[in-house]
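**Q** Structure in structure tokens, see below.
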Protein chains: 2
Amino acid sequence: MSKRKAFLPDWTEKIAPPDSWRSVFKWGAPDGFKHPSAHWYAMMKEEFGLSDADFSRKIREGLEPVVAPSKPALAKKHLDKLKELAGPESVSTDDYSRVKFSYGMTVDEALELRAQSPKTVADAVVHPRNKDDVQKIVAYCAAEKIPLYTYGAGSSVNYGVRTEKGGISLALGTHMNKVLSVNEQNQTAQVQPGMLGPAYEATLNDAPRFFSVKKRYTCGHFPQSFEFSSVGGWVAALGSGQASTYYGDACDILLSLEVVTPAGTIRTLSYPGTATGPKITDMFKGSEGAFGVITELTMKIFRYMPENRRYFGYMFPSWGAAVDCAREMVQGEFGLPAVFRISDAEETDRGLKLYGIPSVVDAGLIRMGHIPGKRCLCLGTCEGDEDYTALVSAKIKKLAKKNGATSLSGYASRKWEKTRFTEPYMREDLNDYGLIIDTLETGVTWDNIHRLHQGVRKVVKARPRTMCMTHASHFYPQGTNLYFIFMIRPENEAEYKDFQLRIVDAIVQNGGSISHHHGVGKMLAPWMETHLGTAQMDVLRALKKHFDPDNIMNPGGQMGLDLEPGRRRK
Amino acid sequence: MSKRKAFLPDWTEKIAPPDSWRSVFKWGAPDGFKHPSAHWYAMMKEEFGLSDADFSRKIREGLEPVVAPSKPALAKKHLDKLKELAGPESVSTDDYSRVKFSYGMTVDEALELRAQSPKTVADAVVHPRNKDDVQKIVAYCAAEKIPLYTYGAGSSVNYGVRTEKGGISLALGTHMNKVLSVNEQNQTAQVQPGMLGPAYEATLNDAPRFFSVKKRYTCGHFPQSFEFSSVGGWVAALGSGQASTYYGDACDILLSLEVVTPAGTIRTLSYPGTATGPKITDMFKGSEGAFGVITELTMKIFRYMPENRRYFGYMFPSWGAAVDCAREMVQGEFGLPAVFRISDAEETDRGLKLYGIPSVVDAGLIRMGHIPGKRCLCLGTCEGDEDYTALVSAKIKKLAKKNGATSLSGYASRKWEKTRFTEPYMREDLNDYGLIIDTLETGVTWDNIHRLHQGVRKVVKARPRTMCMTHASHFYPQGTNLYFIFMIRPENEAEYKDFQLRIVDAIVQNGGSISHHHGVGKMLAPWMETHLGTAQMDVLRALKKHFDPDNIMNPGGQMGLDLEPGRRRK
């Protein structure tokens, strides 16, 4: 008698047609997929009260060809002029380009595209060949008051690249995507803004082949979006890499840059230390395309020494113990780990389920006091000099033990590292069946981490049938971040949107920052005035006014700079 | 037969009268003195072609009572109002206060005061009791367009506190000089701007006594001016401490602040990591009193673990070897030393002479290839966790050896540490006999350090009878600083001034920044436009315009913001 095979949804492995909606909103490589495991599928059905029947039919896959909602509104004379400035082949006005380069990776954006109803698209996409082109385009758009949006790689999850007012989307990745030089003495790389993470990292790893240098280097910046985000975007949106505790955030690894603004081109000073007034470089960190277009970056780079990397993993008896250990570690002055992640109890248990933990191991953990619903997983790596990574990992081991943890060896960390960039691929599978997975994240000081964690979870878990997984993954002596991952099956989009708003409210009301490393974009803009206060917003608006007096750079709410007061969230 | 005792000048050990000019311009504690050694005295005579007779009579000691050059120009109604706002005892209009709180420690300023001809003094000094007072005073001065200068502790060496346009000098050190709280979880201290280094450090070292905390802390910031500079000044002028390689510069150890500007009061966000647009905190780092008055700072603090400190010293065969070692060290990713100083050949030889090196040791060094005129001294310490300092010092030892150095043990570093804050005291002794000692310093990337060092020395040494000692003492993976100490016996003040200008010219022309950690003030302002370029200066001016539309905050050239174009230096 043959055993009946358990039902599993038909998770897509089809490459979306290259002209389709799906090809725009799908995360990552067209042929890249990552599906929920059988365990997760079972868990989702249970959590959301679903049956196999709910997974029998995909909804709104978006396989149809993209159609723009309207013809370009930009006058032909402008298009002709742009072609004259940047070359005829650099200006695209086809529907597909206009939609593609107007959309990021915000969940709401994916839903819009699945519904085949994009709200706003650029009139034209311009692919500048070099920084001279950018200068000409910015000057022209400024003179003609044409809205100009900067598109690095489109990985924004908060409407950061949304072409709210139409106009031009400037696609920097098409041509401006190279490392121009590596300076071995200064340990810097001069890089163009549209270069994606893997190409940048590969070039640095292999620097002796491409440049007259002796050593291999690493960029040190590995955000979740690494494969599909650009160096310029890292800096413009204040990203953090997964190894930021060691290498620093994007704001720390930028040395200087060149920016083209409507008020002119600025190349900032390139000194590691200087006392010549407030640093102009800093003012473009997090400027999110609202001040100008970054055309060149001088990035700090680091020795590439993967042979020295050490992996570790621990199970803590509680979130409190994991947090205490993390704080003691980052304040311990013995050096810092590269990757360090602590998952709260819900993320830990669901993670174990997702990846499958052998039941004998689980039983052992439980015997050691690591109880489901309480225990918290920690993964990490150390990088740097060989003796340094030995010291730091030994110190962490000691601190973990002191805080009641059990070592899991480096197995889980190695496994995590191999698949660390693939998580976002699961979104499409879930969306195909009406489920939503989304993330919100926040910066926090140590003295507020528990209030914030509990305050946000309280709001989230008040909604029935809602998963909420949280981790902290970027550590500083003064605090960390909290990264919330939600899964729901909303009644409808409005209910989902309302839920999202209430979570951001809860973050702000519980003292978190409205973003730790996703940036603000147009989605989080409504909270900016309350969060920063009008006095600080006025400073940003003063800079905006200086660089871009006619508000042509990323207009329509970016960072709350030109948000109508009525849209502010208290 | 008694041996005739060698002549030594009568270096002053007299405490200057408390109302005297000298009490204003003298560095440090009234009863603090440090005199040139007999070796140095001999060396100076030889270098400058002088005899004992030239040291027989002190010139312009400034022991007479201070007399202000004019009566206060500020109307009585303003003075009455300020007394009403900040309390009657908080407003001083006596000559001594007006001069004292209008002067910093610039060499030129000392000469002015010795000549008893102060060029500009404040009309009144106000000593705010708290930040509410500051708010009221700033608002009043803004409304009445009264120039307002912020005086932290007056250690500026570039006319940073100079009351160029008269008006009010705001003395923050009188009352606003306390640690308000220590947050043990976040490792932060909330401190008022006018607190001096030693009181701040002592409070943190002894934190368990003053606050409900368990651990002892250190501020991590020990500039040469430590004893007579203020926490607010460190941030406002972008200072660097002697242990900055480990702890970071002032800009790195500030978490957030409160500033009172004519446009209103701003309290910046206090997250260690956040992605909510360009950080307003950054815009006040280095603002030098031109945007507003810093009224509170939240500083990062560090564990105080002096028991783990390790001391080292090396002699390198050459400047090139010392620089190579420093670069390899700071790029080596094994951790960082706290103090690290490398002296060029001239500083090394003169330093050995100043402090006296036993001839047997000297002979030994020479035998090992450390030749006078080439050899370079390195001093340093490691701080942090016990095993970390062991690792870092062992790694440095290995690198030093690789670069041809000979270990000198920790003796010289310990000796240096004991007297490290007393060097500036020597200035008065020299000035008393018409000699000038002054410093200029610059930030530099590794690939330009030799060109800059040689370029500046070429200009300096072209002047006959001129000493020039150089060291690097703040290290980053991307570069370091160069600190030039000059000694001359100028023909007259004009000749000295011209010499100083030519050195700054040489710094700029050879690619150094115009200041690494002294700030800009009004003295280096003429180079700002060339150095930063007009596009960057326009950004600073836009912020200035926003915070201080009527230019009442530190007007008269500070940072070159309102410098007449004719005074710019190409």
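**Q** Among the residues of the range A:344-360, count how many are among the charged types (D, E, K, R) and without any contact (Cβ under 8 Å) to a residue 40 or more places away in the chain. Spell out how you get there, then give the answer.
**A** Start the filter on the range A:344-360 by keeping residues that are among the charged types (D, E, K, R), which leaves A:344, A:346-347, A:349-350, A:353.
When the remaining residues are screened for being without any contact (Cβ under 8 Å) to a residue 40 or more places away in the chain, the result is A:349.
The number of residues fulfilling the criteria is 1.
Residues are listed down the side, and each one gets a yes or a no for (1) touching a residue at least 24 places away in the same chain (Cβ under 8 Å); (2) facing chain B (nearest Cβ under 7 Å); (3) surrounded by fewer than 22 Cβ atoms within 10 Å (Cβ to Cβ); (4) part of a strand (DSSP E or B):
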| position | (1), (2), (3), (4) |
| --- | --- |
| A:L257 | yes, no, no, yes |
| A:T274 | no, yes, no, no |
| A:M283 | yes, yes, no, no |
| A:E296 | yes, no, yes, yes |
| A:M315 | yes, no, no, yes |
| A:G320 | yes, no, yes, no |
| A:A326 | yes, no, no, no |
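**Q** Restricting to helices (runs of 4 or more DSSP H) lying wholly in the range A:66-172: which have 3 or more residues that are under 30 Å from A:Y433 (Cα atoms)? Give the steps one after another, and end with the answer.
**A** Numbers: elements: A:76-86, A:95-100, A:107-114, A:131-144.
The qualifying helices (runs of 4 or more DSSP H) are A:95-100, A:107-114.
**Q** Could you tell me whether B:G32 is surrounded by fewer than 18 Cβ atoms within 10 Å (Cβ to Cβ), of a type in the set (G, A, S) and within 30 Å of B:S169 (Cβ to Cβ)?
**A** Answer is yes for this residue.
**Q** Does any residue of the range B:382-396 turn out to be in contact with a strand residue (DSSP E or B) (Cβ under 8 Å, 6 or more places away or on another chain), away from chain A (no Cβ under 14 Å) and touching a residue at least 40 places away in the same chain (Cβ under 8 Å)?
**A** no
Condition check ((1) of a type in the set (G, A, S); (2) more than 26 Å from the chain's Cα centre (by Cα); (3) at pLDDT below 95) across all residues:
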| site | (1), (2), (3) |
| --- | --- |
| B:R309 | no, no, no |
| B:F312 | no, no, no |
| B:F334 | no, yes, no |
| B:E346 | no, no, no |
| B:K353 | no, no, yes |
| B:V361 | no, yes, yes |
| B:P372 | no, yes, no |
| B:L391 | no, yes, no |
| B:K398 | no, yes, no |
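**Q** I'd like the full set of residues that are hydrophobic (A, V, I, L, M, F, W, C) and without any contact (Cβ under 8 Å) to a residue 12 or more places away in the chain, limited to the range B:533-570.
**A** Result: B:A535, B:V539, B:A542.
**Q** With A:S92, A:S37, A:S20, A:S97 as the choices, which residue is closer than 22 Å to A:S155 by Cα and in contact with a Gly (Cβ under 9 Å, 6 or more places away or on another chain)?
**A** Within the list A:S92, A:S37, A:S20, A:S97, the selection yields A:S20.
Listed here are the residues, each with its yes/no results for (1) more than 26 Å from the chain's Cα centre (by Cα); (2) assigned to a loop (DSSP other than H, G, I, E, B); (3) in contact (Cβ under 8 Å) with a residue 60 or more places away in the chain.
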residue: A:K14; (1), (2), (3): no, yes, no
residue: A:P30; (1), (2), (3): no, yes, no
residue: A:M43; (1), (2), (3): yes, no, yes
residue: A:E46; (1), (2), (3): yes, no, no
residue: A:D54; (1), (2), (3): yes, no, yes
residue: A:E61; (1), (2), (3): no, yes, yes
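**Q** Next question. Filter the range B:259-272 for residues that are under 20 Å from B:Q192 (Cα atoms), at the interface with another protein chain (Cβ under 9 Å from one of its Cβ atoms), part of a loop (DSSP other than H, G, I, E, B) and in contact with an Asp or Glu (Cβ under 9 Å, 6 or more places away or on another chain) and give the result.
**A** B:T268
**Q** So for the range B:399-413 (the condition being in contact (Cβ under 8 Å) with a residue 40 or more places away in the chain, farther than 17 Å from B:S244 by Cβ and touching a His at 6+ places or on another chain (Cβ under 7 Å)), does at least one residue qualify?
**A** Yes; the residues of the range B:399-413 include at least one that is in contact (Cβ under 8 Å) with a residue 40 or more places away in the chain, farther than 17 Å from B:S244 by Cβ and touching a His at 6+ places or on another chain (Cβ under 7 Å).
**Q** Of A:K178, A:K165, which residue is closer than 28 Å to B:D447 by Cα, of a type in the set (K, R) and more than 14 Å from chain B (Cβ to nearest Cβ)?
**A** Step by step, each of A:K178, A:K165 is checked, and only A:K178 is closer than 28 Å to B:D447 by Cα, of a type in the set (K, R) and more than 14 Å from chain B (Cβ to nearest Cβ).
**Q** Now for a different question. Run down B:S102, B:S23, B:S90 and say which single residue is within 30 Å of B:A139 (Cβ to Cβ) and within 24 Å of the chain's Cα centre (by Cα).
**A** None of the others qualify; the one that does is B:S102.
**Q** For the range B:447-477: of the residues being aliphatic (A, V, I, L, M) and in contact (Cβ under 8 Å) with a residue 60 or more places away in the chain, which is farthest from the other protein chains (Cβ to nearest Cβ)?
**A** B:M467
**Q** Can you go through A:T406, A:T445, A:T422 and tell me which one is modelled with pLDDT under 90 and hydroxyl-bearing (S, T, Y)?
**A** Sole residue among the options that is modelled with pLDDT under 90 and hydroxyl-bearing (S, T, Y): A:T422.
**Q** Another question, then. Just to be sure before I move on: is B:G356 among the small types (G, A, S), crowded, with 17+ Cβ neighbours inside 10 Å, under 30 Å from B:R57 (Cα atoms) and away from chain A (no Cβ under 14 Å) in the structure I sent?
**A** No; evaluated as a whole, the condition is false for this residue.
Residues are listed down the side, and each one gets a yes or a no for (1) in contact with a Phe, Trp or Tyr (Cβ under 6 Å, 6 or more places away or on another chain); (2) surrounded by 19 or more Cβ atoms within 10 Å (Cβ to Cβ); (3) not charged (D, E, K, R):
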residue	(1), (2), (3)
A:K398	no, no, no
A:Y411	no, no, yes
A:G434	no, no, yes
A:V444	no, yes, yes
A:G455	no, no, yes
A:F475	yes, yes, yes
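**Q** Given the conditions (1) more than 13 Å from B:D432 (Cβ to Cβ); (2) part of a loop (DSSP other than H, G, I, E, B); (3) of a type outside the set (V, I, T), and given that B:P9 satisfies all but one, which numbered condition is not satisfied?
**A** (1)
**Q** Now, a different point. Can B:G335 be described as of a type outside the set (K, R), surrounded by 22 or more Cβ atoms within 10 Å (Cβ to Cβ) and farther than 30 Å from B:F228 by Cα?
**A** Spelling it out, B:G335 is indeed of a type outside the set (K, R), surrounded by 22 or more Cβ atoms within 10 Å (Cβ to Cβ) and farther than 30 Å from B:F228 by Cα.
**Q** Go through the range B:496-518 and report how many residues are surrounded by fewer than 20 Cβ atoms within 10 Å (Cβ to Cβ) and among the small types (G, A, S).
**A** So the answer is 1.
**Q** While we're on this one: Among the numbered criteria (1) part of a helix (DSSP H, G or I); (2) aliphatic (A, V, I, L, M); (3) at pLDDT 95 or above, which one does B:A412 miss?
**A** Evaluating B:A412 over (1) part of a helix (DSSP H, G or I); (2) aliphatic (A, V, I, L, M); (3) at pLDDT 95 or above leaves (3) as the failure.
**Q** Scan the range A:373-387 and tell me whether some residue there is acidic (D, E), at negative phi and assigned to a loop (DSSP other than H, G, I, E, B).
**A** Of the range A:373-387, the ones acidic (D, E) are A:383, A:385-387.
Subsequent filtering for residues that are at negative phi retains A:383, A:385-387.
Then drop every residue that is not assigned to a loop (DSSP other than H, G, I, E, B), which leaves A:383, A:385.
Within the range A:373-387, one or more residues are acidic (D, E), at negative phi and assigned to a loop (DSSP other than H, G, I, E, B).
**Q** Can you pull out the residues in the range B:187-242 that are small (G, A, S), away from chain A (no Cβ under 14 Å) and part of a loop (DSSP other than H, G, I, E, B)?
**A** B:G194 - this is the single residue of the range B:187-242 that is small (G, A, S), away from chain A (no Cβ under 14 Å) and part of a loop (DSSP other than H, G, I, E, B).
**Q** Which condition from (1) in a loop (DSSP other than H, G, I, E, B); (2) touching a residue at least 12 places away in the same chain (Cβ under 8 Å); (3) over 27 Å from A:M105 (Cα atoms) is the one that A:P278 breaks?
**A** Here A:P278 meets the rest and fails (2).
The values are calculated or read from the model by the stated rules, or taken from the named source; none is laboratory data. Since we're looking at a predicted model, the values are computed, not measured. Cβ: placed from backbone, ideal geometry, glycine included. Neighbour counts: every protein chain shown.
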